[in-house]
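Asks: Supplied in structure tokens, the structure appears directly below.
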Amino acid sequence: MSEPPPTAEELGRLLLPLADEIDAAKAVPPGVLKTVAESGALAAMVPAEYGGRPMNHREYGELSRAVAHTSASLQSLLTVHGMVCASLSRWGSEAARRQLLPRLASGELLGAFGLTEDGAGSDAQAIGTTAMPEEEPGASDGPSADAGAGAQTWWRLDGTKRWLSFGQVAGCFLVFAKHGDRSVGFLVRRDDPGVTVEPSRPTSGFRSAMLADLHMDGCRVPADRMVGRPGFGVAQVAGSALSLGRLCVAYGSLGLAEACCDAMLGHTSGRRQFGGRLIDLQLVRGLISDAVVDTEAARLLCEQAARAMDSRGGRLIEQVLTAKLAASRAAGTASAAAAQLHGAVGLVDGGPVDRWVRDARVMQVIEGSTQLLQHLLAEESLQSFRVRRRDPRYPFVQGADHVERAGHVE
Ligand SMILES: Cc1cc2nc3c(=O)[nH]c(=O)nc-3n(C[C@H](O)[C@H](O)[C@H](O)COP(=O)(O)OP(=O)(O)OC[C@H]3O[C@@H](n4cnc5c(N)ncnc54)[C@H](O)[C@@H]3O)c2cc1C
């Protein structure tokens, strides 16, 4: 019988001594990637029949939380690799699952997620990468956009994806393209013809996330590497991947916020100024307690969102958006407070506090910026309000009508 995978806390303890090494290298050293792969963390979103060690969303979230104590950059590997594995498991052809999932589960292949382009950041529907069906050399049936797995159709992809986390070392990329006005997902392999990968411009936060730009210039992929079908790409395949991604970022932000709170408590209870401990100053306590409240609220919202993902609950999207918004903001509040309370030590270039501040900023941009998520959350909340308003089990929601009517009395 194989060894049970380490718990989140065990993996966290194993990785923690490597935090400075990972950050200083501006890359995740191969030995660390091996440790993560051996822990089974990369197999968590792969069904057992394809060599996976499936976890529920709470367990996967807890892994993200634990890894983020060491490195938010490394945690982002769990985000994107998990998104690729989950999308392939759910939407991929049987041939692609058999070919790729066992290698993704073992860590032999890393998965990267390619949605963003120069002209398509928050507005994912604006992607300009194109997908055109092509006849396989020698095939007589001609190209067909509706051909599924097994048909003699190849697809030609042209376009450039930006900022792919772990793109520098990934072996396969889940990318999204447009066929006419319909979006569609494909798994592209690093060794596919027409693919080139180059490091992205370095970012201040997540500086060890090995970001890459992916160029596809006449890249040919077989039809069985289509993920979902035309029309399902951005809305369904990327949409469900992004829910998982947002949950992972929420848990990663929680881990980062926890690390900041612990550091603040440790530092201010040891550091003495004005004849006493910093922690005994009321203004200091205010900064700490605000960060603790935001962090604990984020924890509960993460758990609620993970439960919704596991049960495919009706308010899943709303609860995941809420968790990501709250937790990424908690990371911002806690890292800013930690930086303030560490004084000059918090400003040491490349030190942990400096790293948390830089990484927390990224948490509020990736998988949907704070403002985009506010926009989406208001939309989801409005829809659920409309449902509750019609449901007699929610009498107080109908009470809102009275307020509205009262406001319009002439
Ligand atoms: C470290 C890092 C890792 C990344 N990894 C990946 C990856 O693996 N795969 C991938 O595909 N992409 C990745 N990205 C790209 C990331 O997803 C985008 O940066 C993000 O979606 C935001 O897009 P943008 O940067 O083009 O900003 P824009 O879309 O140009 O938005 C800029 C700002 O405008 C505001 N804004 C945008 N939309 C709205 C709105 N609707 N309402 C109000 N305000 C709004 C927000 O303040 C937002 O921050 C990564 C980025 C970073 C920095």
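Asks: When you scan the range 175-206, how many residues do you find that are touching a Ser or Thr at 6+ places or on another chain (Cβ under 8 Å) and in a loop (DSSP other than H, G, I, E, B)? First the steps, then the outcome.
Replies: Residues of the range 175-206 that are touching a Ser or Thr at 6+ places or on another chain (Cβ under 8 Å), as a first pass: 175-179, 185, 206.
Next, only the ones that are in a loop (DSSP other than H, G, I, E, B) stay: 206.
Of the residues in the range 175-206, 1 are touching a Ser or Thr at 6+ places or on another chain (Cβ under 8 Å) and in a loop (DSSP other than H, G, I, E, B).
Asks: Between 325, 372, which is open to solvent by 30 Å² or more (accessible area, probe 1.4 Å) and outside any loop (DSSP other than H, G, I, E, B)? Before the answer, list the steps.
Replies: Numbers: 325 fails: open to solvent by 30 Å² or more (accessible area, probe 1.4 Å).
Residue meeting the stated conditions: 372.
Asks: I need the full set of residues from the range 235-281 which are open to solvent by less than 60 Å² (accessible area, probe 1.4 Å), free of Cβ contacts under 8 Å to residues at least 24 places away in the same chain and in a helix (DSSP H, G or I), in order please.
Replies: Result: 239, 266, 269, 270, 279.
Asks: Next question, about the same structure. Just give me the residues in the range 173-187 being more than 13 Å from the ligand (Cβ to nearest atom) and within 18 Å of residue 104 (Cβ to Cβ), in sequence order.
Replies: Listed by number, the residues that qualify are 186, 187.
Asks: OK, next. Can you tell me which residue within the range 95-132, out of those that are in contact (Cβ under 8 Å) with a residue 60 or more places away in the chain and surrounded by fewer than 19 Cβ atoms within 10 Å (Cβ to Cβ), is farthest from the ligand (Cβ to nearest atom)?
Replies: 95
Asks: So which of 365, 348 is closer than 23 Å to residue 70 by Cβ, within 15 Å of the ligand (Cβ to nearest atom) and without any contact (Cβ under 8 Å) to a residue 24 or more places away in the chain? Spell out how you get there, then give the answer.
Replies: Values: 348 fails: within 15 Å of the ligand (Cβ to nearest atom).
Selected residue: 365, the only one of 365, 348 that is closer than 23 Å to residue 70 by Cβ, within 15 Å of the ligand (Cβ to nearest atom) and without any contact (Cβ under 8 Å) to a residue 24 or more places away in the chain.
Asks: I would also like to ask the following. Among the helices (runs of 4 or more DSSP H) contained in the range 9-109, which hold 3 or more residues that are more than 24 Å from residue 358 (Cα to Cα)? Can you show your working first?
Replies: Details: elements: 19-25, 30-38, 57-70, 72-91, 94-106.
Ranges flagged: 30-38, 57-70, 72-91, 94-106.
Asks: Somewhere in the range 222-234, is a residue within 16 Å of the ligand (Cβ to nearest atom), assigned to a helix (DSSP H, G or I), open to solvent by less than 20 Å² (accessible area, probe 1.4 Å) and in contact (Cβ under 8 Å) with a residue 24 or more places away in the chain? Lay out the reasoning, then the answer.
Replies: Initially, the range 222-234 is screened for residues within 16 Å of the ligand (Cβ to nearest atom), giving 227, 233-234.
If we keep only those that are assigned to a helix (DSSP H, G or I) too, we end up with 233-234.
Subset that is open to solvent by less than 20 Å² (accessible area, probe 1.4 Å): 233-234.
Checking which are in contact (Cβ under 8 Å) with a residue 24 or more places away in the chain leaves us with 233-234.
Among the residues of the range 222-234, at least one is within 16 Å of the ligand (Cβ to nearest atom), assigned to a helix (DSSP H, G or I), open to solvent by less than 20 Å² (accessible area, probe 1.4 Å) and in contact (Cβ under 8 Å) with a residue 24 or more places away in the chain, which makes the answer yes.
Asks: Please work out if residue 157 is within 16 Å of the ligand (Cβ to nearest atom), over 15 Å from residue 112 (Cα atoms) and in a strand (DSSP E or B). Step through it out loud before you land on a result.
Replies: On the way: within 16 Å of the ligand (Cβ to nearest atom): yes; over 15 Å from residue 112 (Cα atoms): yes; in a strand (DSSP E or B): yes.
Against the criterion (within 16 Å of the ligand (Cβ to nearest atom), over 15 Å from residue 112 (Cα atoms) and in a strand (DSSP E or B)), residue 157 qualifies.
Asks: Within the range 385-397, identify whether any single residue is part of a helix (DSSP H, G or I) and either within 16 Å of the ligand (Cβ to nearest atom) or in contact with a Pro (Cβ under 8 Å, 6 or more places away or on another chain) (or both), and answer yes or no.
Replies: Within the range 385-397, the subset part of a helix (DSSP H, G or I) is 385-390, 395-397.
Now drop any that are not either within 16 Å of the ligand (Cβ to nearest atom) or in contact with a Pro (Cβ under 8 Å, 6 or more places away or on another chain) (or both), which leaves none.
No: the range 385-397 contains no residue that is part of a helix (DSSP H, G or I) and either within 16 Å of the ligand (Cβ to nearest atom) or in contact with a Pro (Cβ under 8 Å, 6 or more places away or on another chain) (or both).
The values are calculated or read from the model by the stated rules, or taken from the named source; none is laboratory data. On a predicted model such as this, the values are computed, not experimentally measured, just so you know. Reconstructed Cβ throughout: ideal geometry from the backbone, glycine too, with neighbour counts over all protein chains shown. These area figures cover heavy atoms from the full protein model, side chains too; ligands, DNA and RNA do not enter into them. Shrake-Rupley method; radii C 1.70, N 1.55, O 1.52, S 1.80 Å.
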